[in-house]
Amino acid sequence: VWGQACAALETSVGPNNFNHWIKPLRLTNLESGIAHFASPTRFISDWVNRHFAKDIMGELSRHGQPVERLRFDVVPQAAPGRARPAVPAKPQRPVASAAAPATARAARPDMGAPLDPRYTFSNFVVGKPNELAHAAARRVAEGGPVGFNPLFLYGGVGLGKTHLMHAIAHDYQVNHPAAQVLYLSAEQFMYRFVQALRESSIMDFKSMFRNVNMLMVDDVQFIAGKDSTQEEFFHTFNALVDQGKQIVISADRAPAEIKGLEERIKSRLSCGLIVDLHPTTYELRLGILQSKTVGFRAQQPDLEIGTGVLEFLAHRITTNVRVLEGALQRLFAHASLLRREITLEVAQECLADILRTNDRKISIDDIQRKVAEHYNIRLADMVGPKRARNVARPRQIAMYLSKQLTSRSLPEIGRRFGGRDHTTIMHGIRKIEELLADDKTIAEDVAMLKRLLEA
Ligand code: ADP
Ligand code: MG
């Protein structure tokens with residue numbers, strides 16, 4: 001039957017679609033109106049489920065096997081023939097974020113955002129700055145009884161929050177094929193909500209969100225200050241937690257630091273596990289570059305990349321992993337067009353603009369301003385003579401950050417802090433170093449300020 005159906009499908013969906021998506025499937029079982037398929041990747045089964053489920057059910061039914069649902073098991077193939085390239089192009093069309101039975105999927109609006117098939121755990125490079133977030137994400141993806149609810153991931157731009165969330169969704173779906181996983185950004189949540197209000201379909205909206213097994217909302221800081229959206233989010237959140245459903249949230253900062261977010265939401269968000277992704281270290285950046293290089297070399301094996309190029313990039317591009325990836329991608333594209341080895345000179349020349357913006361130095365002014373703002377003291381007190389603890393401590397933190405984040409010498413820093421002596425600066429820095437070791441609040445404050453300044 002499958003053979004006959006395939007022949008018909010090849011005509012109805014076209015040979016290209018057929019060869020790419022349907023041919024890799026293997027019909028493993030067909031009874032009680034459910035067709036089971038083995039698919040080499042989740043990507044393929046999601047795609048087929050979204051785009052060709054109706055065609056497949058139609059053809060099977062036409063050939064004497066009435067089918068109401070499709071089920072997919074991901075069975076990786078031994079033969080490397082169809083293996084996905086290590087760095088595949090971005091999918092041109094959205095991928096289903098849940099492998100729900102085709103009928104159920106067709107019956108409800110698609111609320112979720114597409115998942116990027118490249119954002120998996122296996123593509124995520126783990127290092128000191130992200131090991132905790134990675135471990136927590138793995139745990140939640142298992143969906144076992146000892147989880148955290150909600151899991152709240154936060155950190156600066158381009159540090160891998162979205163990547164980890166997609167990885168959780170992929171893995172959770174593999175571990176729980178029948179589960180509904182809904183991933184979307186807070187902005188999309190708001191958009192859907194407003195749309196539902198406008199179309200008077202708020203009941204559908206509510207039941208849709210309350211019926212998922214896992215809800216993932218990315219960049220939740222977006223709903224700060226948006227009152228009715230916050231309200232709805234709060235109710236959705238509570239309803240799901242009450243039913244024991246998993247929630248995963250990301251934001252660019254900790255719940256307590258999100259201005260314009262209601263207190264009750266902050267406290268709700270804080271009752272699971274909060275983990276942050278720290279700014280990358282040199283080692284992590286190098287690891288990421290090495291892992292991406294393996295992908296590029298797999299596609300262009302004849303391209304040579306000089307020793308020291310990756311180290312150079314890891315040193316010089318420190319802000320955002322996305323920029324780092326972009327730089328590497330550009331290098332490979334450049335080298336493959338010009339058929340040249342990627343030497344240090346080629347890298348410097350081809351990435352001049354990126355390297356220049358990354359050299360934008362953090363200034364002592366920036367540091368003083370951010371720290372003053374954070375502790376709610378006057379900027380003038382940064383350079384003024386006051387010795388009260390509530391002013392002196394933030395000033396010392398600013399001194400410490402000035403030493404850490406700029407290349408200024410102690411006397412230079414002293415001059416910028418109202419003409420203080422370099423020994424005063426050194427004393428201030430030592431004090432903060434001591435506190436960092438055993439005062440958790442200060443350690444967190446400093447980490448956050450650093451992140452804000454480096455973003
Ligand atoms: P965020 O959501 O925190 O702004 P993303 O998850 O979008 O950041 O990550 C930005 C880019 O950097 C993505 O392409 C992602 O795959 C990549 N990236 C970030 N961290 C890592 C990592 N540890 N290993 C591999 N790739 C990473
Ligand atoms: Mg993101």
Please state, to two decimals, what the Cα-based radius of gyration of the chain comes to when divided by 2.2 N^0.38 Å (N = residues).
1.16
So what's Rg/Rh here for segment 282-358, counting alpha carbon atoms and using the Kirkwood radius for Rh?
0.92
Ranking of Ser363, Ser185, Ser228 by count of other Cβ atoms within 10 Å, fewest first:
Ser228, Ser363, Ser185
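Out of the trypsin sites (Lys or Arg not before Pro) in segment 376-419, which ones are loop residues according to DSSP with at most 16 other C-beta atoms within 10 Å?
Arg378, Lys386, Arg387
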Can you run phi through the Karplus equation (6.51, -1.76, 1.60; θ = phi - 60°) for segment 196-205 and list ³J(HN,Hα) in whole Hz, with x for Gly and Pro?
5, 4, 5, 8, 6, 10, 5, 5, 4, 4
Bridge type composition, the chain - antiparallel percent by DSSP, nearest 5
15 percent
Gain in length, Glu341 to Ala437, computed as 0.36 nm per residue apart minus the alpha-carbon separation, to one decimal in nm?
29.9 nm
On a 0 to 90° scale, report how tilted helix 53-62 is relative to the longest principal axis of the chain, with both axes built from alpha carbons and the result rounded to the nearest 10.
10 degrees
For segment 364-454, the Cα convex hull volume per residue in Å³ comes to 81 Å³
Restricting to Cα pairs below 8 Å that are 6+ residues apart, what does the relative contact order work out to for segment 282-358? Please round to a whole percent.
37 percent
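Rounded to the nearest whole Å³, what is the per residue volume of the convex hull around the Cα atoms of segment 128-277? Write down the numbers at each step before the final one.
Working: hull volume 15.1 nm³, N = 150.
So the per-residue Cα hull volume is 100 Å³.
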Whole Å is fine, so just give me how far the alpha carbon centre of segment 133-160 lies from that of segment 337-381.
30 Å
Over the chain, the sum of -39500 (n - 2.57) across DSSP H runs of at least four, divided by residue number and rounded to 500 deg cm²/dmol, gives at 222 nm -16000 deg cm²/dmol
Alpha-carbon gyration tensor eigenvalues x 5, square-rooted, for segment 321-369, Å:
30, 11, 6
Taking the 0 to 90 degree range and rounding to the nearest ten, how far is the long axis of helix 131-142 tilted relative to the main principal axis of the chain, both from C-alpha atoms?
20 degrees
Using the count of nearby Cβ atoms within 10 Å as a rough guide to exposure, how do Val13, Val294 rank from fewest to most?
Val294, Val13
Run the dipole for the chain about the Cα centre, Lys and Arg Cβ at +1, Asp and Glu Cβ at -1, nothing else charged, and hand back the magnitude in debye, nearest 20.
620 debye
Using θ = phi - 60° and the Karplus relation 6.51 cos²θ - 1.76 cosθ + 1.60, list the HN-Hα couplings for segment 400-405 in order, rounded to whole Hz, with x at every Gly or Pro.
4, 5, 5, 5, 6, 9
Mind putting a number on the dipole of segment 282-358 about its Cα centre? Charges go on the C-beta only, +1 for Lys and Arg and -1 for Asp and Glu, and I need it in Debye to the nearest 20.
220 debye
Restricting to Cα pairs below 8 Å that are 6+ residues apart, what does the relative contact order work out to for the chain? Please round to a whole percent.
12 percent
Taking the chain as the reference, fit the longest principal axis to its C-alpha atoms, fit the long axis of helix 364-375 to the helix C-alpha atoms, and give the angle between the two in degrees, 0 to 90, nearest 10.
80 degrees
Take the alpha carbon atoms of segment 184-202, find their center, do the same for segment 393-423, and report the distance between the two centers in whole angstrom.
48 Å
What dipole magnitude, in Debye to the nearest 20, does segment 229-268 give about its Cα centre under +1 on Lys/Arg Cβ and -1 on Asp/Glu Cβ?
120 debye
Per the charge dipole of the chain (beta-carbon charges, Lys/Arg positive, Asp/Glu negative, Cα centre), the residue among Thr423, Asn320, Ser12 reaching farthest to the positive end is Thr423
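Values in this text are rule-based calculations from the coordinates and carry no lab data. None of these values were measured; they are calculated from a predicted model. Here the Cβ is made from the backbone with ideal geometry for all residues, glycine too, and neighbour counts use every protein chain on show.
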